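The values are calculated or read from the model by the stated rules, or taken from the named source; none is laboratory data. Bear in mind that the values here come from a model prediction, so they are computed numbers and not experimental data. Cβ: placed from backbone, ideal geometry, glycine included. Neighbour counts: every protein chain shown. Each accessible area value is taken on the protein alone, full model and side chains, heavy atoms only, with ligands, DNA and RNA left out. Shrake-Rupley method; radii C 1.70, N 1.55, O 1.52, S 1.80 Å.
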Amino acid sequence: MSSANAPPAPFVIRMSQTNTPRHGPTPAPLPQRTATAAAPRVLKEVRKHRSFASLRAISALVLREMQTSNGRATGGYFWAIAEPAGGIMLLTLIFSVTFALPPIGTSFAMFYATGMVPFLGYLDISGKVAGSVRYSMALLSYPAVTFMDALLARIAFSAITQLMVATVIFTMITLTSETRTDPQMDQIAIAMAMVVVTGAAIGVMNCFMFEAVNWWQPLWGIFMKPFFLLSCIFFIFDDVPQPYQDWLWWNPLIHVIGQMRRSFYPQYAGEYVSYVYVFGLGLGLFALGLALLVRYHRDLQNS
């Protein structure tokens with residue numbers, strides 16, 4: 001009989017080993033999670049479960065600024081104060097020889113310093129703040145650091161540095177020459193606050209403009225060149241003839257320098273100084289620049 005006509009093999013049902021009865025003790029059941037433990041875990045942002053996260057980030061960025069400022073030179077952060085102070089002192093000495101008698105008082109060194117200290121303070125703060133996001137671009141990829149931390153850190157660092165520079169310069173001039181001035185500390189504090197607000201406002205606005213518009217940074221550098229002469233550093237605002245006096249009034253540095261000078265010279269009235277204009281313009285530009293950065297900072301970082 002051929003294999004083609006052979007009857008099929010009987011179908012055998014095999015029982016699975018899992019169905020075979022087990023012998024021995026039954027293992028204990030695994031522990032079950034309670035209803036509360038079974039609830040899904042919600043991940044928190046880093047800044048929500050870290051106490052004082054912004055303050056820690058700003059403090060760390062300020063320390064980083066202090067370490068990187070002339071960090072390779074002997075003395076480190078000391079040169080960040082000594083360099084601008086020494087430069088202003090040298091320029092003051094040179095111009096003191098050229099100009100015998102200042103428009104106010106008897107010491108041209110003090111008159112020149114009351115103009116250069118706020119002007120260079122504004123330039124330093126605005127320049128540092130304008131480059132804060134670009135300088136800390138690598139750190140902004142971490143969730144614990146935001147662009148606002150970078151801005152506030154540079155504002156705080158530059159403000160502290162310029163305050164120390166002003167203290168060194170005015171103290172040295174007072175100790176080494178007869179200035180016949182009467183410094184009013186409360187008025188000097190207002191002048192330094194005007195410097196910080198103006199520099200921070202322009203810096204925050206340029207922080208957005210430098211990244212958003214490629215040609216704005218070189219154009220701004222050209223635009224700022226004549227401000228050294230248009231900010232009344234070598235003369236007083238009252239001596240400017242009309243109609244140029246009305247045009248110069250819109251320069252906020254005129255008010256900042258005027259406030260600094262009447263802080264040292266009580267006989268100088270400086271009635272043109274407007275707190276409302278300087279602080280209003282500064283806070284307005286700061287708010288506008290901050291709003292633009294909040295809206296577009298992600299696009300600027302990824303561009």
Within segment 77-104, the count of residues that are modelled with pLDDT of 80 or more, within 17 Å of Met260 (Cβ to Cβ) and open to solvent by 30 Å² or more (accessible area, probe 1.4 Å) comes to 1
Which condition breaks for Met194 when tested against (1) modelled with pLDDT of 95 or more; (2) open to solvent by 40 Å² or more (accessible area, probe 1.4 Å)? (2)
Are any residues in segment 202-244 open to solvent by less than 60 Å² (accessible area, probe 1.4 Å), part of a loop (DSSP other than H, G, I, E, B) and in contact (Cβ under 8 Å) with a residue 40 or more places away in the chain, and if so, which ones? Ser231, Cys232, Ile233, Phe234, Ile236
Looking at segment 201-225, which of its residues are under 18 Å from Ala150 (Cβ atoms) and among the small types (Gly, Ala, Ser)? Ala201, Gly203, Ala212
